[in-house]
Number of protein chains: 2
Amino acid sequence: MNIKRIIDVAKGESEADLLLCNAKVFNVFTKEIIHADVAIVDGIIAGVGQYIDKCAKEIIDLEGAFLVPGFINAHCHVESSMVVPERYCQEELRHGVTTLVTDPHEIANVLGLDGILYMLGASENAPVNYFVQLPSCVPATCFEHAGATLRAEDLLTLKNHPRVLGLGEMMDYPGVLSADTFIMKKLEAFQDMIIDGHAPGLTGCRLQAYTACGIRTDHESSTASEALEKLRAGMAVLVRQGSASRNLKEIISGVLKAQVDTRNLAFCTDDKHLSDIRREGTIRQNLKMAVALGLDSLTALQIATWNAAQIYKLKNIGAIAPGYQADLVILKDLSEFHISAVYKDGCLMVKEGKLLQQKPDSFATGAICDTVNLPPVEEKDLILPDWDRLPVIRIHSGEIITSKEWVKKAEVPDRIADGSLRKVVVIERHHATGNIGVGLIAGYGLHHGAVATTVAHDSHNLIVVGDNNDDILFAIQVIKEMKGGYCLVKDGKDVGSLPLRVGGLMSDVPVEEFLTALDDMLKKAADLGVSPGIDPFITLSFIALPVIPSIRLTDCGMFDVDRFSMFDHCSEKEQ
Amino acid sequence: MNIKRIIDVAKGESEADLLLCNAKVFNVFTKEIIHADVAIVDGIIAGVGQYIDKCAKEIIDLEGAFLVPGFINAHCHVESSMVVPERYCQEELRHGVTTLVTDPHEIANVLGLDGILYMLGASENAPVNYFVQLPSCVPATCFEHAGATLRAEDLLTLKNHPRVLGLGEMMDYPGVLSADTFIMKKLEAFQDMIIDGHAPGLTGCRLQAYTACGIRTDHESSTASEALEKLRAGMAVLVRQGSASRNLKEIISGVLKAQVDTRNLAFCTDDKHLSDIRREGTIRQNLKMAVALGLDSLTALQIATWNAAQIYKLKNIGAIAPGYQADLVILKDLSEFHISAVYKDGCLMVKEGKLLQQKPDSFATGAICDTVNLPPVEEKDLILPDWDRLPVIRIHSGEIITSKEWVKKAEVPDRIADGSLRKVVVIERHHATGNIGVGLIAGYGLHHGAVATTVAHDSHNLIVVGDNNDDILFAIQVIKEMKGGYCLVKDGKDVGSLPLRVGGLMSDVPVEEFLTALDDMLKKAADLGVSPGIDPFITLSFIALPVIPSIRLTDCGMFDVDRFSMFDHCSEKEQ
């Protein structure tokens, strides 16, 4: 930053790189719209005011359009888009987001620190400000095997990275409340930075205890009262509108009703699929919904910009003022938030939805593309436990919560034959340990085939579902050869595959190409008989997540979430 | 901080040190009053909510009184109180202030880094949070000689001190705007911290340029439009109500009228005399006035607490919430802000205006008490310049601005005899360089005597005024022997003296004793014939400040502020 150059441009005594004239500028500090010009040099806003008579390399007359700071997505997992950071950032940028606070929790479960370093490297030249919160809970539980374990000492090696803001969402709130030694070490190590929370439904004294540890954000509120209690406890409430979790309506309605101060609110998506982002954007959608609910547009814009910057202590981001980054969005209106153009560091990046400056493609190479390490798997490894009665994972359309059923082992062949049960297998895929969990699933559909994925929260082991062992074994082989991704097998043939070669989680092909391929896979899965209303891959990806009720399958076997322990041959009697 | 202990108390499973029950708690985040109990352990708030049935070492029923966070004085010069930090902090605490952002600019002009280190040391065990902004402009100008010069390299040695927040008020705004190399170095060195501004009247492009350098606070606004322009430029406006500069009414009225967001406002005093603080407090007075002007009480309290903490990025300060310091004020009402009690780190420190926990006295010793280093001064050194006509400093009752007059040299003896002129002398007192400025002052009064002070902004040289050389020389001798302070001489006799042995600026006697002595000095000065409406010492202390119009005297001689240059024998012709 050449301060002298900025001073000279601000004074109007030196040529600006860019002059945006005649704009309705949103002032985040006073919450006003002010008619002004904006002078930009070296990617920095030098001055806001009367510059129309000053010289500049480029002068653009905004003809009274709204000029607002670039939006901030205060909490997101890039991996959930299934494309690499380079691709993801372009998509966010198209919809006005110029700053991301990310938590590379998924890739960290695959590759630990190397995974985080990959995300930092891949976003080094991203067309957005890309910040990282260090994943605090890898692995998520002790009932499964992830690719890595991250201790406080490991996280500390990245603490001073210029784009690391602090510690990512502390999901293990039972561990916090019981003052688990390993968790205390992590919390103590990051007291001087931002510590994100993740405490769905936590309330009363327990919420106070959780917050007292310095955990000052939360994106899990799903009701107005939960959000208000967290705000009152001093937490920033990140209002989430993702693909699965959609909390904005509840929270914003509650905040409006309670008429509380909004400055500790920010917007986020947490997990949002690429197809949803492509269709409606991220923070733009939060803005639009909030205003439709009755929030005034300027307060909504504060939430989408400066509030998030304040919460994450982002210097020179989130406002249109001298010394700030020239990250700007030109809006046609303040209700639908139609975007005319997006500037990043003073460069025009997006015009009418079209990306103008494609950064050169990055091709991931090395260890990050070689994370699928499977043991040899044979038919004998796919045998169900030798118990009289077996637990069954019952899935439901449009939900990730499962329910528990039981079946007599002797009836299983008939139930598979009549299509009401399918076999599901989770195979540890990071270190070829040979850990394999085998179980039963009901409600999935699928005939004469198998479906497999290496995206499986949070440990991202390989999950395969099928109605016969041959197709299951073949699907494992396909996944192994393509080094991660989705695959569909029917009658011993590979009928469709989508490689996710980066960590087994992400693709690096262009966004359009990826979305077309994904759409094709969904259609083919339907042809295979996967039940309507069930997403063939996303449903599977939550089958191994032992923190969501009621029954799951990990590489260690069937897991009873309600009792928070593994099933065994005695389980059925205890029910 | 023992996190486990705090968690256990928050959960209600372990004994709190203190339980404040049945309070109307001010929630800074939501701007609400909430009926709750507050559980405190190890000086930290563990939880806010229903704790009345939990155990604690001490339980206090607040019977529905208001409980608010301790106030924050966002910008003050402790030296202006003329007592050492230990004494000053006690006085602030009595009036509900638990956090100070100080700028040790005065002592730094006397002793440089050693002066700053003295203030940091003296406040090490202060009963308030005592933060320091490193003085950016020492010396203030090049037309005088201070005790020290502070360059960027010097300031950097203290940058990582845990109580240093950044760079103090950048008074040399012409230097900023001309991108002076030494100033740019200082600004660059502190870009990652808070940089305070000082830009009275700066507007338009020049204000944009000043702010673009990362200078993000200002306490010099004296009109509503100035404050609004600074807020819009992204500056935090520190609303000042000091002894001399009283800007609160203008700014708060303007903010109310414009209905802008208030979150970038904080309260400060800048310079406030001890007698004024004793009478009305500091931030409490700001609160009271703001509410009387029509600002709602809760917004005023946000300004006095959390806003300041946010602006200065003070972690765990400024709110009543889990994990925050237990710095609390119990208020009887929200209009007059009558204080019942003040807690610091969970300890009851003040009750009904009475300090309960006197920290042990500290006695300053060493170099800090030996800062008056005067050369031998004789009658021949007190000769006026040999010009036909001489400039005269005309002072006015209740103002620090002076006006310029001229007198024929030949007429000076008569004018001194008739009492309309007095001689004024400024002597460099840090390094005995022998620099002496001699001039004339009108409007001071005083008969057959001399008045001297070592408090003289900003270089703090020795200033003496008198109507005869003998008394002037004797006053110099008295100051020399007492190593700094105020003194009054009449007819060759020391008729009153007030030692300020710490840096020649501050006293370390107890507050009551100091105020009585000061009052006595003021009465005696009046007896000496100092004009009514003229503060005998404070008026003198601004005589050498070359940045305030229109005419000053430094140790280099008479200074024309309007032309920003020294007077010489040609000056009169140029007028």
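The values are calculated or read from the model by the stated rules, or taken from the named source; none is laboratory data. Being a predicted model, the structure only gives us computed values, none of them experimental. We place every Cβ from the backbone using ideal geometry, glycine too, and count neighbours over all the protein chains shown.
Go through A:293, A:228, A:248 for me and flag whichever is within 13 Å of chain B (Cβ to nearest Cβ) and among the hydrophobic types (A, V, I, L, M, F, W, C).
The conditions single out A:228.
I want to confirm something. Restricting to the stretch B:289-325 and keeping residues that are β-branched (Val, Ile, Thr) and within 22 Å of the chain's Cα centre (by Cα), which single residue is farthest from residue B:68 (Cα to Cα)?
B:311
Do any strands (runs of 3 or more DSSP E) lying entirely in the stretch A:315-394 carry at least 2 residues that are within 25 Å of residue A:101 (Cβ to Cβ), and which ones are they?
Strands (runs of 3 or more DSSP E) meeting the threshold: A:328-331, A:339-344, A:347-351.
Collect the residues in the stretch B:266-290 that are touching a Ser or Thr at 6+ places or on another chain (Cβ under 9 Å), away from chain A (no Cβ under 14 Å) and small (Gly, Ala, Ser), keeping them in residue-number order.
Of everything in the stretch B:266-290, those that are touching a Ser or Thr at 6+ places or on another chain (Cβ under 9 Å), away from chain A (no Cβ under 14 Å) and small (Gly, Ala, Ser) turn out to be B:275, B:290.
Quick check on the stretch B:546-554. Is at least one of its residues of a type in the set (A, V, I, L, M), within 22 Å of residue B:407 (Cα to Cα) and surrounded by 19 or more Cβ atoms within 10 Å (Cβ to Cβ)?
So far as the stretch B:546-554 goes, yes, one or more of its residues are of a type in the set (A, V, I, L, M), within 22 Å of residue B:407 (Cα to Cα) and surrounded by 19 or more Cβ atoms within 10 Å (Cβ to Cβ).
Quick check on the stretch B:341-361. Is at least one of its residues surrounded by 13 or more Cβ atoms within 10 Å (Cβ to Cβ), among the charged types (D, E, K, R) and within 20 Å of residue B:435 (Cα to Cα)?
Within the stretch B:341-361, none of the residues are surrounded by 13 or more Cβ atoms within 10 Å (Cβ to Cβ), among the charged types (D, E, K, R) and within 20 Å of residue B:435 (Cα to Cα).
At least 3 residues that are in contact with a His (Cβ under 8 Å, 6 or more places away or on another chain) and surrounded by fewer than 23 Cβ atoms within 10 Å (Cβ to Cβ) in each: list the helices (runs of 4 or more DSSP H) lying fully within the stretch A:145-245 that qualify.
Correct list: empty, since no element meets the threshold.
Given the structure, is residue B:258 over 21 Å from the mean Cα position of the chain (by Cα), in contact (Cβ under 8 Å) with a residue 12 or more places away in the chain, surrounded by fewer than 20 Cβ atoms within 10 Å (Cβ to Cβ) and within 14 Å of chain A (Cβ to nearest Cβ)?
Answer is yes for this residue.
Scan the stretch A:550-559 residue by residue and report those that are farther than 16 Å from residue A:428 by Cα and at pLDDT 95 or above.
The answer is A:551, and nothing else.
What are the residue pairs meeting all of these: first residue in the stretch B:153-175, first residue farther than 24 Å from residue B:238 by Cα, second residue surrounded by 14 or more Cβ atoms within 10 Å (Cβ to Cβ) and of a type in the set (Val, Ile, Thr), Cβ atoms under 6 Å, and 6 or more apart or on different chains?
Pairs found: B:158/B:164.
How many residues does the stretch B:29-65 contain that are touching a residue at least 60 places away in the same chain (Cβ under 8 Å) and either touching a His at 6+ places or on another chain (Cβ under 9 Å) or surrounded by fewer than 22 Cβ atoms within 10 Å (Cβ to Cβ) (or both)?
Residues flagged as touching a residue at least 60 places away in the same chain (Cβ under 8 Å) and either touching a His at 6+ places or on another chain (Cβ under 9 Å) or surrounded by fewer than 22 Cβ atoms within 10 Å (Cβ to Cβ) (or both) within the stretch B:29-65 amount to 7.
When the stretch B:136-183 is examined, which residues are found to be within 28 Å of residue B:72 (Cα to Cα) and touching an Asp or Glu at 6+ places or on another chain (Cβ under 6 Å)?
Across the stretch B:136-183, the qualifying residues are B:137, B:140, B:168, B:169.
Within the stretch A:198-211, how many residues are more than 20 Å from residue B:313 (Cβ to Cβ) and within 12 Å of another protein chain (Cβ to nearest Cβ)?
9
Please count how many residues of the stretch B:4-14 are surrounded by fewer than 22 Cβ atoms within 10 Å (Cβ to Cβ) and within 16 Å of residue B:326 (Cα to Cα).
Number satisfying all stated conditions: 1.
Test each condition in (1) charged (D, E, K, R); (2) surrounded by 20 or more Cβ atoms within 10 Å (Cβ to Cβ); (3) under 21 Å from residue A:230 (Cα atoms) for residue A:272 and report the one that comes out false.
(3)
I need every pair where a residue in the stretch A:297-321 that is free of Cβ contacts under 8 Å to residues at least 40 places away in the same chain has its Cβ under 7 Å from the Cβ of a residue that is crowded, with 24+ Cβ neighbours inside 10 Å and part of a helix (DSSP H, G or I), sequence separation at least 6 or different chains.
A:300/A:287; A:300/A:290
For the stretch A:330-337, check the following and say yes or no: at least one residue is out of contact with any strand residue (DSSP E or B) (no Cβ under 7 Å at 6 or more places or on another chain), surrounded by 19 or more Cβ atoms within 10 Å (Cβ to Cβ), farther than 30 Å from residue A:9 by Cβ and away from chain B (no Cβ under 14 Å).
No, there is no match, as no residue in the stretch A:330-337 is out of contact with any strand residue (DSSP E or B) (no Cβ under 7 Å at 6 or more places or on another chain), surrounded by 19 or more Cβ atoms within 10 Å (Cβ to Cβ), farther than 30 Å from residue A:9 by Cβ and away from chain B (no Cβ under 14 Å).
Within the stretch B:41-74, which residues are of a type in the set (A, V, I, L, M) and under 23 Å from residue B:310 (Cβ atoms)?
B:44, B:45, B:46, B:48, B:67, B:68, B:72, B:74
Identify all residues within the stretch A:275-298 that are surrounded by fewer than 23 Cβ atoms within 10 Å (Cβ to Cβ), within 22 Å of residue A:254 (Cβ to Cβ) and out of contact with any His (no Cβ under 9 Å at 6 or more places or on another chain); write none if there are none.
A:288, A:289, A:291, A:292, A:293, A:294, A:295, A:296, A:297, A:298
Picking from A:153, A:169, A:144, which residue would you name as being more than 14 Å from chain B (Cβ to nearest Cβ), more than 20 Å from the chain's Cα centre (by Cα) and within 30 Å of residue B:321 (Cα to Cα)?
Criteria check complete, one pass: A:153.
Just checking, which of A:531, A:507, A:497 is hydroxyl-bearing (Ser, Thr, Tyr) and without any contact (Cβ under 8 Å) to a residue 40 or more places away in the chain?
Step by step, each of A:531, A:507, A:497 is checked, and only A:497 is hydroxyl-bearing (Ser, Thr, Tyr) and without any contact (Cβ under 8 Å) to a residue 40 or more places away in the chain.
Do any strands (runs of 3 or more DSSP E) lying entirely in the stretch A:406-502 carry at least 2 residues that are aliphatic (A, V, I, L, M) and surrounded by 20 or more Cβ atoms within 10 Å (Cβ to Cβ), and which ones are they?
A:422-427, A:436-442, A:449-453, A:462-466, A:485-490
Let's see how each residue does on (1) under 30 Å from residue A:28 (Cβ atoms); (2) in contact with a Lys or Arg (Cβ under 6 Å, 6 or more places away or on another chain); (3) among the charged types (D, E, K, R); (4) at pLDDT 95 or above:
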residue	(1), (2), (3), (4)
B:149	no, no, no, yes
B:154	no, no, yes, yes
B:190	yes, no, no, yes
B:207	yes, no, no, yes
B:239	yes, no, no, yes
